[in-house]
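Colleague: Mind having a look at this structure? Questions to follow.
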Amino acid sequence: MVHAIRIHDYGGPEALRWDEIEVGDPGPGQVRLRQTAVGLNYIDTYHRSGAYKLPQLPAIIGTEGAGVVEAVGPDVTTLKPGDRVGYAPLIGAYAESRLAPADRLIPLPSWIEDRQAAAMLLQGMTAQFLLRSTYAVQPGDTILVQAAAGGVGQILCQWAKHLGATVIGTVSNDEKAELARAAGCDHPIVYTRENFVNRVKDLTDGQGVPVVYDGVGKTTFMDSLDCLRPRGFMVLFGAASGPVPPLDLQVLAAKGSLYVTRPTLFSYVSKRDDLMASAADLFEVVHTGGVTINVGQTFALRDAAEAHRALESRATTGSTVLLP
Ligand SMILES: NC(=O)c1ccc[n+]([C@@H]2O[C@H](COP(=O)([O-])OP(=O)(O)OC[C@H]3O[C@@H](n4cnc5c(N)ncnc54)[C@H](OP(=O)(O)O)[C@@H]3O)[C@@H](O)[C@H]2O)c1
């Protein structure tokens, strides 16, 4: 028996329970992992609260982790006991040990530590597809990143800077402004006291930006549209402040033939080749120093409720790792 954090009903952080579970032996195509580090992501709070429904309850939440292969299923030839791997996105991460499909696991190079892998795979591959595929950032672009001191935010800032962009970012306080600046954000805006639309217009000579990366959602979405130049891309990739209400598409015409997309990591890495290509691109930019992964805080896995409270009260910065 091992321990895992499960929910039996949707709810607040108190719904997270430290349960004993049996993992069992890996079946065909599976491996059993002893987990050494688990990534905390905003999507974990949507799964916990029921904003995103799970197929069944009770359920082990969490979608990112790293560890060591303990046993492999009968037909698994690509991995062997002792191999170090990481994964994202794959539900069932908040556990000391788990079964996982071998074809969703990413072998870890020796220079990546387990905590670093658990901190960066989901948020880093998200930054990868947002900056390289959804809207391919070009040298000389000036872009806007909402919640620039967060997990995805700090990686977006660094990587966009590395690609030659000028980065405008929003944050809720001065301490986060300094963190965003250290992550390459040229113009941090404290959006709790300053109108970010006016500031973006000032910084772009009234033109607006070609792309907004917005993981905040409800409270920023309409203002984000006003930061775009004509034919700009509104990339809504999350809802930390709540879901965006239905949108009258005519608004996109009135504001200048805008594009809106609501992408998810899973649709960009559902094929193994795409998963491995995204991870390789991320590993390269981290290995060469273009992006540094900032683990702002760690919690014991059994204290996942405390970690969720911190994340939802905007008290975390950078990435967060849960330790089994
Ligand atoms: N589409 C995808 O595939 C994908 C993948 C990964 C993540 N995401 C999304 O990306 C976003 C960021 O994820 P993350 O894990 O890196 O989290 P995070 O950015 O570290 O944390 C969320 C941040 O959002 C900001 N925020 C603004 N209003 C908020 C509110 N009312 N409540 C809570 N936070 C608020 C806070 O920053 P300030 O205090 O500076 O405002 C907070 O620190 C989330 O929306 C997540 O769902 C999407």
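Colleague: Can you spot a residue in the stretch 144-153 that is open to solvent by less than 40 Å² (accessible area, probe 1.4 Å), at pLDDT 95 or above, more than 9 Å from the ligand (Cβ to nearest atom) and in a helix (DSSP H, G or I)?
Modeller: No, that holds for no residue.
Colleague: Could you check Gly208 against (1) surrounded by fewer than 16 Cβ atoms within 10 Å (Cβ to Cβ); (2) at positive phi and say which number it fails?
Modeller: Against the list (1) surrounded by fewer than 16 Cβ atoms within 10 Å (Cβ to Cβ); (2) at positive phi, Gly208 comes up short only on (1).
Colleague: Looking only at residues in the stretch 14-46 that are within 16 Å of the ligand (Cβ to nearest atom) and open to solvent by 20 Å² or more (accessible area, probe 1.4 Å), which one is farthest from Tyr87 (Cα to Cα)? Quick ask: steps written out before the conclusion?
Modeller: Taking the stretch 14-46 as the starting set, the residues that turn out to be within 16 Å of the ligand (Cβ to nearest atom) are 37-46.
Okay, now just the ones that are also open to solvent by 20 Å² or more (accessible area, probe 1.4 Å), so 42-43, 46.
On the way: Tyr42: 16, Ile43: 15, Tyr46: 19 Å.
Among residues in the stretch 14-46 that are within 16 Å of the ligand (Cβ to nearest atom) and open to solvent by 20 Å² or more (accessible area, probe 1.4 Å), the one farthest from Tyr87 (Cα to Cα) is Tyr46.
Colleague: Also, quick follow-up: Please identify the pairs in which a residue from the stretch 244-261 that is on the phi > 0 side of the Ramachandran plot has its Cβ atom under 8 Å from the Cβ atom of a residue that is aliphatic (A, V, I, L, M), counting only partners at least 6 apart or on another chain.
Modeller: Here the result reads Gly256/Leu228, each pair linking the stretch 244-261 to a residue that is aliphatic (A, V, I, L, M).
Colleague: Does Thr288 satisfy the criteria of being over 16 Å from the mean Cα position of the chain (by Cα), at pLDDT 95 or above, surrounded by fewer than 20 Cβ atoms within 10 Å (Cβ to Cβ) and within 11 Å of the ligand (Cβ to nearest atom)?
Modeller: Numbers: over 16 Å from the mean Cα position of the chain (by Cα): yes; at pLDDT 95 or above: yes; surrounded by fewer than 20 Cβ atoms within 10 Å (Cβ to Cβ): yes; within 11 Å of the ligand (Cβ to nearest atom): no.
So Thr288 does not fit the description; no.
Colleague: What single numbered condition from (1) within 16 Å of the ligand (Cβ to nearest atom); (2) touching a helix residue (DSSP H, G or I) at 6+ places or on another chain (Cβ under 8 Å) fails to hold for Arg272?
Modeller: (1)
Colleague: Kindly evaluate Pro263 against the criterion of being farther than 18 Å from Gly150 by Cα, modelled with pLDDT of 95 or more and part of a loop (DSSP other than H, G, I, E, B).
Modeller: Numbers: farther than 18 Å from Gly150 by Cα: yes; modelled with pLDDT of 95 or more: yes; part of a loop (DSSP other than H, G, I, E, B): yes.
Yes: the conditions hold for Pro263.
Colleague: Within the stretch 69-105, work out how many residues are out of contact with any Asp or Glu (no Cβ under 6 Å at 6 or more places or on another chain) and within 16 Å of the ligand (Cβ to nearest atom).
Modeller: 7
Colleague: I need the full set of residues from the stretch 16-47 which are under 19 Å from Leu323 (Cα atoms) and part of a helix (DSSP H, G or I), in order please.
Modeller: Tyr42, Ile43, Asp44, Thr45
The values are calculated or read from the model by the stated rules, or taken from the named source; none is laboratory data. No experiment lies behind these values; they were computed from the predicted model shown. Note that we place each Cβ from the backbone using ideal geometry, even for glycine, and neighbour counts take in every protein chain shown. Note: areas computed on protein heavy atoms with side chains; ligands, DNA, RNA excluded. Shrake-Rupley method; radii C 1.70, N 1.55, O 1.52, S 1.80 Å.
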